[in-house]
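Right, one structure below, let's go through it.
Each value in this text was obtained by applying a stated rule to the coordinates, not by laboratory testing. Keep in mind that this is a model prediction, so the values were computed, not measured. Reconstructed Cβ throughout: ideal geometry from the backbone, glycine too, with neighbour counts over all protein chains shown.
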Amino acid sequence: MKTKFSRCFLCVFFTLAAFNTVNAQTKNKNSIDAKITSIIKKLTLEEKIGLLHANGVFTTAGVKRLGIPEMVTDDGPLGVREDVKEGWGSTGLTTDSATFFPNGSALAATWNPELAYRYGHDMGEEARARKKTVMLAPAFNICRTPLCGRTYEYYSEDPFLNARLAVQSVKGIQSQHVAACVKHYAVNNQEIERGRVSVDVDERALREIYLPAFKAAITEGNAWTIMSAYNKLRGQYCSENTYLLQTILKGEWKFKGTVISDWGGTHSTIDAANNGLDIEMGSRPPYDSYYFANALLADVKSGKVSMKVIDEKVRRALWVTYQTGLSENQPAGNINTSAHSKTVYDIASESIVLLKNDKHLLPLNTSSIKSIAVIGDNATRTFHLGGFGAGVKARYEITALAGLKNRLGDKIAINYAQGYSGEYKPEGRKAAKDTAKKPDPEAMIAEAVAAAKKSDVAVLFIGGNREYESEGRDRKDLSLPFDEQKLVDAVTAVNANTIVVVVGGAPYDINKIKENNSTIVWSWYNGSENGNALADVLTGKINPSGKMPFTFPASLKDSPAHALNAYPGENLQVTYKEGILVGYRWFDTKKIEPLYCFGYGLSYTDFKYSGLYTNKKSYVAADYITANIKVKNTGKYAGKETVQLYISKSNSVVERAEKELKAFKKVKIAAGETVNVSLKIPVKDLAYYNVTTSKWTVEPGKYKLLAGTSSRDINETGTITVQ
Ligand code: BGC
């Protein structure tokens, strides 16, 4: 009786509370809308225009007399970048250091949306502490080609994984009343000619592959701003693309915030203004000569752009300002805290992917090992800055060597050798006059070999770096740079206990290493705590749980865009001939063996899957499929496993990929323990985009469920029917 009463009482209480919250929200919304309307009435046309274009590298003007602050943006996504002055030079401040967060593909390799939220939350706190109101992050264009220079900044080749992480990153950032600016909308999948190339992509691929994470970031994550991409879609610049901005973003997705151009990515006044761009940003003065400055003023005065259009943009800009600056109880922020370091450490340690451990050299047996050769430029290199584009002036960054020293103390002798020089000058960039004597590559290898010879174990840190992978250019091929293979071969020849740690943000050709070496670890540009996390994975304090967020092709020509000769395009036109078959969708459907498949990653323990069953056998479109599966940790270490659930539809009326990821869950399982993992898929997520009706359509019939530890290690299957 008592229970019933309290339950009933609680019901009423919560219903009332919910009603009050909704009521308060509606009131608040109405009052903000009313305030904005009243501000718009008070603004002069010049003041309105001032809100719509840059007045500095990262700012737009406010209106002092009405208490409207400037909009202060900043990059993202690696953390809050250092302050720059006109011309992008450093301001030389000593107060603009920040936490360096792991790169996008590292975050994606965690397959952990909770970590994406913490990433956003902590970066949001840092943005507030640095008085930024818009973070130009997260960035999550689809990895169409592994060569794209910004693959390291982005998340994945899979739209579902992409969307789950994007939503949480956005929510995290905005929890601090800092606007997320999701970028780059849309189809900015290569850096070659990014400012001029036009992408021709079919409607299904656009809807099913390239837009889902943007849609989710807007409709679920409620992102307040979005950045239009540099490139064109179907012949029209993204910054003035009616279809992307008006029809889809502001129409279908009901976006309320502002569309901000990429820096210098605006190409017209009237078209951009009328087709949906709200704010023009750029890199250099004179700001008055921007398309959305004096030219826009003149076009409004002459009636070519209506006041209604301007007021709508101003309303949007003020709305964002209300979320970030004008409303009460704004958090003060926090920067470089130990909590932020912990987040970075957690992301880094969950992102590292164990690719091969055939001899069980890992985790290192620190009680019997007396000496370790630590070899490679990447053992001592930092990654918070480098290349073209956004970096972070990290307050600190632990290198791999420093991490190992921290963790091993003086118990184990460390013999360091640089092994190769990671200095990189992109083609066309004039090398600074450098009179310093260049290190001799042969001598460096000889030194590394000597270190490896006298050590029980050799750990090689090779791969790319932030100069080699960069915004503004694509890599030419997948080969390992800096003659690293030669170093690997030489060291492996003299020390059978060689562990290769490859650091990079994108796939590389590591065929030979996979063939010849017993032990391979993949790591990333892993933030301020990089070295500590790496050392903890190598020594077994952390059991690796990272899974590849993209396919490693065995050969570049196996990748869809390259197999079809559809990259980087001709005459500034690139056609996405592979359509929906991006990433593993292509490899699986065409039965091409990759080097490492999507979702791949080992652990120091083993997991056994059993007993997949669904809550029902037959579903209607409004249902949710609940798939349950038992996962047992059969090894001797506790570990985390990401259960991946794919669906497959045979005999479909449309072309389908062999399988598509529809759910995943990361769980922690103690040694010997069995857990029940429950995964939910809304039946509507089985839909394909029907180009005839322009609607998402769930096709009736049988679907196969495939649960596995990677896209190619499927352990349990089941079948369901959709009516
Ligand atoms: C990049 C953006 C970045 C902007 C401002 C552009 O080159 O594409 O991602 O936010 O610069 O730094």
Using the Cα gyration tensor of region 305-420, the equivalent ellipsoid's semi-axes, largest first and to the nearest Å, work out to 48, 18, 15
Diagonalise the Cα gyration tensor of region 339-388 and give the resulting equivalent ellipsoid semi-axes, square root of 5 times each eigenvalue, largest first, whole Å.
26, 17, 13
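By the scheme Lys and Arg +1, Asp and Glu -1, what is the net charge of all other residues having a beta-carbon under 14 Å from that of THR44? It would help to have the intermediate numbers written out before the result.
Numbers: positive: LYS41, LYS42, LYS48, LYS64, ARG65, LYS301; negative: GLU46, GLU47, ASP311.
That works out to +3.
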Could you please state, rounded to a whole Å, how far the C-alpha centre of region 699-723 is from the C-alpha centre of region 185-239?
30
Net charge near ARG150 (other residues with Cβ under 15 Å of its Cβ; Lys, Arg +1; Asp, Glu -1) is -4
re region 234-307: pairs of Cα atoms spaced beyond 16 Å account for a percent value of 49
Please grab the % of Cα pairs in region 565-723 that end up more than 20 Å from each other.
56
Once the Cα gyration tensor of region 390-536 is diagonalised, semi-axes √(5λ) in Å
24, 20, 17
Hey, what D do you get for region 452-510 in µm²/s if you plug the Kirkwood alpha-carbon radius into Stokes-Einstein at 4 °C and 1.567 mPa s?
103
Mean-position separation - Cα centroids, region 667-685 and region 611-648, in angstrom
5
Burial order of peptide ranges 329-337, 658-666 (average beta-carbon count within 10 Å, highest first)
658-666, 329-337
Sort 118-124, 497-503, 101-107 for me by packing, meaning the mean count of neighbouring Cβ atoms within 10 Å per residue, highest on top.
101-107, 118-124, 497-503
Percentage of Cα-Cα pair distances in the chain greater than 51 Å, rounded to whole percent?
13
Using the Kirkwood radius over C-alpha pairs as Rh, can you work out the diffusion coefficient of region 189-292 via Stokes-Einstein at 25 °C, viscosity 0.890 mPa s, in µm² per second?
175
About the Cα centre of the chain, what is the dipole size in debye to 20, counting +1 per Lys and Arg Cβ and -1 per Asp and Glu Cβ, all else neutral?
2080
Taking the alpha-carbon centre of each part, the distance from region 348-426 to region 55-113 in Å is 28
Against the globular-protein guess of 2.2 N^0.38 Å, express the Cα radius of gyration of region 270-373 as a ratio, rounded to two decimals.
2.09
Run down the lysines and flag those whose C-alpha is under 17 Å from the C-alpha of LYS132, throwing out any fewer than 8 positions away in its chain.
LYS85, LYS171, LYS393
Suppose every Lys and Arg Cβ carries +1 and every Asp and Glu Cβ carries -1, with no other charges. What dipole size does region 335-443 come out with about its Cα centre, to the nearest 20 debye?
240
From the cross-link list LYS215/LYS476; LYS370/LYS438; LYS411/LYS454, which pairs have alpha carbons spaced over 23 Å apart?
LYS215/LYS476; LYS370/LYS438
For region 179-243, what ratio Rg/Rh do Cα atoms give with a Kirkwood hydrodynamic radius?
0.96
Footprinting exposure proxy for HIS360, HIS384 (fewest neighbouring C-beta atoms within 10 Å first):
HIS360, HIS384
Mean projected area (nm²) from the convex hull of Cα positions in region 388-472 is 8.0
Placing one identical point scatterer on every Cα of region 90-194 and ignoring solvent, what is log10 I(q)/I(0) from the Debye formula at q = 0.12 Å⁻¹?
-0.41
Which of the peptides 694-700, 204-210 is most tightly packed, and how do the rest follow, judged by the mean count of other Cβ atoms within 10 Å per residue?
204-210, 694-700
